[in-house]
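Asks: One structure, as structure tokens, below. Some questions next.
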Amino acid sequence: MFKSARFKITVWYVIAIMMISLTFSFVIYRTIATDLNQRYINIENQIRSNVKNLEKIPPVLRVLLQNDLRTSKQRVYFMLIFANGSIFIISLLVGYFLAGRTLRPIEEMVEEQNRFISDASHELRTPLAVLKTSTEVALRDRKMSALEARQILEENLEDIISLEMLSEHLLHLSQYQKGRKVLEFEKVNIGESAERIHKKIQAVADKKKIDLELEVNDIYINADRISIEELILILMDNALKYTPREGRVTLSVISEGRNAVIKVSDSGEGINRQDIPHIFDRFYRADRSRSRSRMSGFGLGLPVARRIVELHHGSMNVSSIPGSGSTFTIRLLLA
């Protein structure tokens, strides 16, 4: 599709350039030809004014002048043809190059959209299949007790909640990537934001008996408060998800030079070195985490987190030791 579009755009580039070139060439040729004709007439008039007896003017002189005039016009004509031929070849090459550059962002966007749809369809298929299967089994079982029916409904509800979470993550990621998310930058105390997120997830940590440590200071940055708190929540939720019972998760907010530094550390399984370059890819989940822990998740949190950091012109780094835990470090400019 894009090869055909590139060819068509190249053709239109060449047509536009050649129309301009041919128009200028026609004007140039007409101007030069008119000027040459006028010079020929002036020379003929000068000869007539200086020679009293016109019969003494050799006929060959007039023929030579006419031949010179004709030769000059032909020379200009062929030079313009050569110039237009060169312009045609150059415009063809440059047009093809420019068409490629023009279409490349569109092609990448379409490919990204296709991958997004494919990945989303794949992730939606699993919970929908589970929901469909459990419902069909329940409908076939005529001897099902009220307790069993309740249990199936609870499992179906969990799948529905998973689908709801997936749709929300997809919506957030789409909004951040396409710039539809309106960010309201203001002076934000990220220490207070970290404390709010800490209180919000304390119950989850208590349920898993995870030691949730908080080390914050009053540090201010120019940011969208809601997005920053979503960033911290994503990282903390991720840390809690992959930290075993009675483990430890630490959230710290400090300043280093001109930067505010947010660190989220955990004592979980860690991330293999070969997985680290891909953890910010959409729907990516390390096989080790999926196979051993079977944690719920769609691989959308970290892509959203990275996009939030990018929109705030910050940086995010990951360090991890398999079996010992991971540390996510975010650096943002101080206000």
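The values are calculated or read from the model by the stated rules, or taken from the named source; none is laboratory data. Since this is a predicted model, take the numbers as computed values, not measurements. Every residue, glycine among them, receives a Cβ derived from its backbone with ideal geometry; neighbour counts consider all protein chains shown. Remember, those area values only see protein heavy atoms, side chains included, never the ligands or the DNA or RNA. Shrake-Rupley method; radii C 1.70, N 1.55, O 1.52, S 1.80 Å.
Asks: Would you mind getting the accessible area per residue of the stretch 1-49, heavy atoms of the protein chains only, 1.4 Å probe, in Å²?
Replies: Here the residues of the stretch 1-49 average 78 Å² of exposed surface.
Asks: Need one number: nm distance between label points at Glu256 and Val27, each 7 Å from Cα along Cα→Cβ, rounded to one decimal.
Replies: With each label placed 7 Å out from Cα toward Cβ, I get 6.2 nm.
Asks: Sticking with this one: What FRET efficiency, computed as 1/(1 + (r/R0)^6) with R0 = 35 Å and r the Cβ-Cβ distance, is obtained for Glu164 and Ser4, rounded to the nearest 0.05?
Replies: Efficiency, from the Cβ-Cβ distance: 0.30.
Asks: Would you calculate the separation in nanometres between label points at Lys200 and Asp218, each defined as 7 Å from the Cα along the Cα-to-beta-carbon direction?
Replies: Here the modelled spin labels are 2.3 nm apart.
Asks: How much accessible area does Phe88 have with a 1.4 Å probe, in Å² rounded to the nearest 10?
Replies: 90
Asks: Here's another thing I want to ask about it. Got a sec to turn the phi values of the stretch 201-218 into Karplus ³J(HN,Hα) couplings, 6.51 cos²θ - 1.76 cosθ + 1.60 with θ = phi - 60°, whole Hz, x for Gly and Pro?
Replies: 9, 4, 5, 5, 5, 5, 4, 8, 6, 9, 6, 9, 9, 10, 10, 10, 9, 6
Asks: Related question: Mind listing the phi-derived Karplus ³J(HN,Hα) values for the stretch 228-243, rounded to whole Hz, using 6.51, -1.76 and 1.60 with θ = phi - 60°, and x for any glycine or proline?
Replies: So the J values, rounded to whole Hz, are 5, 5, 5, 4, 5, 5, 4, 5, 5, 4, 5, 5, 5, 5, 9, 9.
Asks: Once phi is turned into θ = phi - 60°, what whole-Hz ³J(HN,Hα) does the Karplus curve with 6.51, -1.76 and 1.60 give for every residue of the stretch 322-335, x standing for Gly and Pro?
Replies: x, x, 10, x, 9, 9, 9, 10, 10, 10, 10, 5, 5, 6
Asks: What is the distance, in nm, between label points placed 7 Å from the Cα along the Cα-to-Cβ direction at Leu139 and at Ser86?
Replies: Those two pseudo-labels are separated by 7.7 nm.
Asks: Another question, if that's okay. Collect residues whose amide H, placed 1.01 Å from N in the peptide plane, falls under 5 Å from the amide H of Asp211; neighbours closer than 5 in sequence don't count.
Replies: Result for Asp211 returns Gly247, Arg248, Val249.
Asks: Report, by chain and number, residues whose modeled amide H sits under 5 Å from the one on Ser255, excluding near sequence neighbours (fewer than 5 apart, same chain).
Replies: Val261
Asks: Here's a follow-up. Would you mind checking the stretch 24-47 for residues with the amide N under 11 Å from a putative spin-label position 7 Å along Cα→C-beta of Lys73?
Replies: Counting backbone N atoms under 11 Å from the label point, the list is 30, 33-38.
Asks: Quick check: Cα centre of the stretch 28-49 to Cα centre of the stretch 226-280, how many Å?
Replies: So the separation of the two Cα centres works out to 85 Å.
Asks: Amide H neighbours of Leu334 under 5 Å, counting only residues 5+ apart in sequence or on other chains, H built in-plane at 1.01 Å?
Replies: Asn259, Ala260
Asks: Sort Ile226, Ile308 by heavy-atom solvent-accessible area, probe 1.4 angstrom, most to least.
Replies: From most accessible down to least: Ile226, Ile308.
Asks: Could you work out how much longer the chain between Ala129 and Leu311 gets when fully extended? Use 0.36 nm per residue separation minus the Cα distance between them, nm to one decimal.
Replies: 61.9 nm
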